[in-house]
Amino acid sequence: MNRIRLLPEQVANQIAAGEVVERPASVVKELVENSIDAQATQIIVEIQAGGRSLIRVTDDGTGMNRDDALLCLERHATSKIRRAEDLAAISSMGFRGEALPSIASVSRFTLTTRGRESQSAEGTRVVVVGGKIVEVKAAGTAPGTSIEVRQLFFNLPARRKFLRTLETESAHVTHYLTLAALAFPEIAFTFTRDGRVVWQLPAIKGGEDFPARLTSLKERLRNLYGGEQNLLEVNFCRQMHMSLQPEEELENNDAAPVSLDVRVWGFIGAPGVSRSTREEQHLFVNRRPVENRGLNFALMEGYHTSLMKGRYPVCCLFLEIDPAEVDVNIHPAKREVKFHREGEVRRLVAEAVRQRLLAFHSKGAHAPVPDTAVAASSATREFVPITTSSPPAPAAPQANQAALPNFPAPLLPAPPVKEPPQRQPALPMGFAPLPLPSPAAPALPTAANKPELSEPAAPQPPARFPHAPLPLFDVPLRLVGVIGKLYVVLESDRGLVLLDQHAAHERILYEQMLNRLEKQEQAPSQRLLLPETVELPARDAAFLRQQLPVLGRLGVGLSEFGERTFLLDALPPFVKVSEPRRFVLELVDQLKAVGQEVNTLRLGEHVVAKTVCRHAVKANDPLAGAELENLISDMRKCAMPYTCPHGRPTILEMNYRELEKKFGRQQ
Ligand code: ADP
Ligand code: MG
């Protein structure tokens, strides 16, 4: 007897279900994707008990006639592709023709559908139990499709046991629906959980062009998250230059296109906005929510030094690219995608993010997105002098002066303090990293956020997009004093501002070093009175030997002094190292780490600059009057002044509303 046998259809479907249907959220995903593919304008999702007992997805899409309603339950039955070649450029969400038969094989499944074009008021109802069709009949129904999935995995107790708590399963469903809602603002979504409406998102009618899509997305974000998002708009378009891959060259003798348009658009968190996980990174490729590590890295890379170690950016970013450039058929649930030119795509995404962050400062948060914006003009970056004593800068409303009645006049020189307080990534209580807007972000003053003590009303700044934070280095700042030899206390027309002197110095020096590098200038270097020798383990020595030219360009004079020994005889003038060996080892470690990171923008030079800046002496010096003014003015000239090169905030704000709250002036 033969040992090999063809599996019955039902078993084959259950096997496929093992890949496609992991949990209730996967069912929701497949059904909603089908509704989207069917051009629905409204999708209603209902779940009960985290989707274990019921999932129902109803749409007003094209619907199906009776034959199609039966055929769609067959394996490999799809209306979305016809030939193998179609796989190379998928423009629909689905294409595998697997979802419905798989889901129906592991649940009690009811499909009710009526073709949009159908003249009759009757549609078709098909009932399937564990993969067996048990009923097919005519049924009165509205045009469109409704699919009901009850008791998922009822016939596979082992899988049912693996389902998590109702909360967890429901959270997965919510997460997927968030993604779908963000990708399709023109579709109205209703989501009910155990009979209670979670969302009712209206359809947002907008144009097809990108500015219009950005507006729609913004509206959808507002509907989903409320108005307090601190996001920057991205709309970036570039030509991707394609080097033909060797096999393509062989296959393709006629002139193949050498470049194609790639667009990156959506919203990213302003500098200072980050999360401890990647959960708030919503990435889409041709509107399909995807997981792709390369894109995650690109995002990190784009944020570069504006991100603290261990923190992740937030975003809702869409990549539009020729479907032929993406393989969406590498994951059964189509969650992951692969780019044919991964490196180029990554570079473009990183560049889009970086440009936007740079523009954030140079043009203010409210400027048009980089794609369409004119180059930053120095006029918009006008320096507002800070003054150690009144009068306040003219742009600052007098009114708020009264709000700090008991703040002493300039505190210089700072009172002696034994040890500057330890800087921690955790923020001092009540202070928000800037430019995180507080609820009282001054962009849109309301009666509630105006300081109580102010008599004449503060001049109203022009209305701004309420999502957009107001960059603090663009507003006048008045110097009050320095505390702990470290924190510069300043006053703005919206409250109290603290600047971390050390972090600020690091940022300034870092950018100066990079600017010199860009101009191919040799960084200034100062000979040490007492050159030091540093002995390294053999492996590190070999590595360091290759890095000597880079270090030299940055003003770090290191030369070989034997097999494993180096002579440190010069340093940039602002650097002082008490332990040369540790300093050199730190450089080696940091440089090695770059090699392992999969990014391209963070060159070794950036890393050296970062490390060197950490040893900036001036940062710890007590500063006074003019020096402090220079510090602020230098910060205003920086491209990314809101974080130090290691991503820590340089400046924090506590606005009047927060102060009033703390002092109990506000109920
Ligand atoms: P795929 O989406 O990969 O084609 P599915 O098994 O998910 O495979 O669906 C099979 C077919 O059933 C689809 O190609 C589509 O023609 C039809 N279909 C599924 N859901 C709907 C729906 N909500 N509205 C209209 N047609 C649908
Ligand atoms: Mg499908």
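The values are calculated or read from the model by the stated rules, or taken from the named source; none is laboratory data. Nothing here was measured: the structure is a model prediction, and the numbers come from that model. Please note: Cβ atoms are built from the backbone with ideal geometry, for glycine as well, and neighbour counts cover all protein chains shown. When the accessible area is computed, the model is the full protein with side chains, heavy atoms only, and any ligands, DNA or RNA have been set aside. Shrake-Rupley method; radii C 1.70, N 1.55, O 1.52, S 1.80 Å.
Gly61 meets all of the listed conditions (1) open to solvent by 10 Å² or more (accessible area, probe 1.4 Å); (2) within 13 Å of ligand 1 (Cβ to nearest atom); (3) not charged (D, E, K, R) but one, namely (1). Of the candidates Ser102, Ser91, the single residue that is open to solvent by less than 60 Å² (accessible area, probe 1.4 Å), touching a residue at least 60 places away in the same chain (Cβ under 8 Å) and among the polar types (S, T, N, Q) is Ser102.
Listed here are the residues, each with its yes/no results for (1) part of a strand (DSSP E or B); (2) modelled with pLDDT under 95.
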site: Val262; (1), (2): yes, yes
site: Arg278; (1), (2): no, yes
site: Leu283; (1), (2): yes, no
site: Gly294; (1), (2): no, yes
site: Leu299; (1), (2): no, yes
site: Thr305; (1), (2): no, yes
site: Gly310; (1), (2): no, yes
site: Asn329; (1), (2): no, yes
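Across the range 67-116, the qualifying residues are those that are among the hydroxyl-bearing types (Ser, Thr, Tyr), within 30 Å of Glu325 (Cβ to Cβ) and in a loop (DSSP other than H, G, I, E, B), and the one among them that is farthest from ligand 2 (Cβ to nearest atom) is Ser91. Report yes if Ile55 is assigned to a strand (DSSP E or B), touching a helix residue (DSSP H, G or I) at 6+ places or on another chain (Cβ under 9 Å) and touching a residue at least 12 places away in the same chain (Cβ under 8 Å), otherwise no. So Ile55 passes the test. Of all residues in the range 25-60, those satisfying the criterion of being closer than 14 Å to Thr145 by Cβ and within 12 Å of ligand 2 (Cβ to nearest atom) are Glu30, Leu31, Val32, Glu33, Asn34, Ser35, Ile36, Asp37, Ala38, Val57. Going through (1) surrounded by fewer than 19 Cβ atoms within 10 Å (Cβ to Cβ); (2) modelled with pLDDT of 95 or more; (3) more than 14 Å from ligand 2 (Cβ to nearest atom) one by one, Glu22 falls short only on (2). Of all residues in the range 276-302, those that are touching a residue at least 60 places away in the same chain (Cβ under 8 Å) have Cβ atoms under 6 Å from Cβ atoms of residues that are assigned to a strand (DSSP E or B), 6 or more apart or on another chain, in His282/Cys316; Phe284/Phe318.
Here Arg75, Arg83 are screened, and the one residue that is modelled with pLDDT under 95 and either in contact with a Pro (Cβ under 8 Å, 6 or more places away or on another chain) or open to solvent by less than 40 Å² (accessible area, probe 1.4 Å) (or both) is Arg75. Every test in (1) touching a Lys or Arg at 6+ places or on another chain (Cβ under 6 Å); (2) under 30 Å from Leu544 (Cβ atoms); (3) modelled with pLDDT of 80 or more is passed by Phe574 save one, and that test is (3).
Taking first residues from the range 62-73 that are touching a residue at least 24 places away in the same chain (Cβ under 8 Å) and partners that are away from ligand 2 (no atom under 13 Å from the Cβ) and charged (D, E, K, R), the Cβ contacts under 6 Å between residues at least 6 apart in sequence or on separate chains come to Thr62/Arg116; Gly63/Arg114; Gly63/Arg116. When Ile133, Ile147 are screened for being touching a residue at least 40 places away in the same chain (Cβ under 8 Å), open to solvent by 50 Å² or more (accessible area, probe 1.4 Å) and within 16 Å of ligand 1 (Cβ to nearest atom), only Ile133 passes.
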